[in-house]
């Protein structure tokens, strides 16, 4: 049995006669008749009553009982094709923190899905500790975080660094090389950028007397609409905010530690993912090298203010 024979039989049943089925399938009536005859020979049973001068067909008892089998056969064949296509289409699960997914890597993701249409990306936002946990459990394939955790089965590679800046409404009375004591804590929009950042922050503003605390970079933009309000953010977030909001940014004379982004993968990735992981890693390197808001990681960059 072939798919053509089964579909031809079902077309004859649906259309009511061989002539209409031929038009529906864009073939000749002879082709339809030959396919039905070939199917009957393989089944060793008659499917249709053939009577001269009768336009509409009548199904034999065997033909009527064969209809659901034919329908199931075509459904299984289509499912098999979808399974084959799914195997050809690779699935890569990415887990990153909010600022990377929504700002820094947004152009990277957009370019990647255009360049590699057969690799299906699943992009999800988590906190850093969640990303490390998910990687250990193999629930994601690649992660991007701003904290390094030493785990036996996780490989962590630093890929870029960002300096942190004060970001505020453009009409705020701030300036370059700000000292922390020039920033009023009662107007701060505070975001926990990591353990190193919090140590730096608490050394200048103990007790954390900030105006408001948010937990993602994307939330920061909604609270810088008045002059004087301020927050601290990496340049990739600042650059994106400047495209859509009336904000300015200034350097700090005593800045927080730079943000080091780490790419994490499992030490023993699935073999079927190896090529996809390598493709994505290469695109990350290219993106970092040509992006003027971030810089490729080098060991000296661990030094604050360089």
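Counting neighbouring Cβ atoms within 10 Å and putting the fewest first, the residues 156, 96 line up as 156, 96. A Gaussian network model of the chain, with springs between Cα atoms under 10 Å, assigns the largest mean-square fluctuation among 176, 198, 40 to 40. Quick check: the angle from helix 106-115's long axis to the longest principal axis of the chain, C-alpha only, nearest 10 degrees? Around 30 degrees separate the two axes. So, how do all the Cα-to-Cα distances of the stretch 1-147 break down into 10 Å bins, in percent, from 0 on up? Result, from short to long distances: 10, 27, 16, 10, 13, 16, 8, 1, 0 percent. When the chain is treated as a Gaussian network with alpha carbon springs shorter than 10 Å, the biggest mean-square fluctuation among 253, 207, 217 belongs to 207. Largest mean-square fluctuation among 12, 99, 284, in a Gaussian network model of the chain whose springs join Cα atoms under 10 Å apart, belongs to 12. Distance between the modelled labels on residue 52 and residue 226, one decimal in nanometres: 9.7 nm (7 Å Cα→Cβ projection). Per the Cα gyration tensor, the stretch 3-88 maps to an equivalent ellipsoid with semi-axes of 25, 15, 11 Å, ordered largest to smallest.
Distance between the C-alpha centres of the stretch 210-241 and the stretch 119-138: 25 Å, rounded to the whole angstrom. Between the helical axis of 235-244 and the longest alpha-carbon principal axis of the chain there is an angle of about 70 degrees.
Between helix 195-204 and the chain there is an angle of about 30 degrees, using the helix long axis and the longest principal axis of the Cα atoms. Sorted ascending by nearby beta carbons within 10 Å, beginning with the fewest, 91, 150, 132 become 150, 91, 132. In plain terms, the bigger the Kirkwood radius, the slower the diffusion; for the stretch 164-250, with that radius from Cα pairs, at 4 °C and 1.567 mPa s, Stokes-Einstein puts D at 101 µm²/s. Compactness of the chain, taken as the C-alpha radius of gyration over 2.2 N^0.38 Å, stands at 1.63. Here the sum of -39500 (n - 2.57) over DSSP H runs of 4 or more residues, divided by the residues of the chain, equals -12500 deg cm²/dmol at 222 nm, to the nearest 500.
Listed from fewest to most Cβ neighbours within 10 Å, the set 285, 78 follows the order 78, 285.
Bear in mind that the values in this text are calculations on the coordinates, not laboratory data. Remember, it's a predicted structure, so these values are computed and weren't measured experimentally. Glycine also receives a Cβ, built like all others from the backbone with ideal geometry; neighbour counts cover every protein chain displayed.
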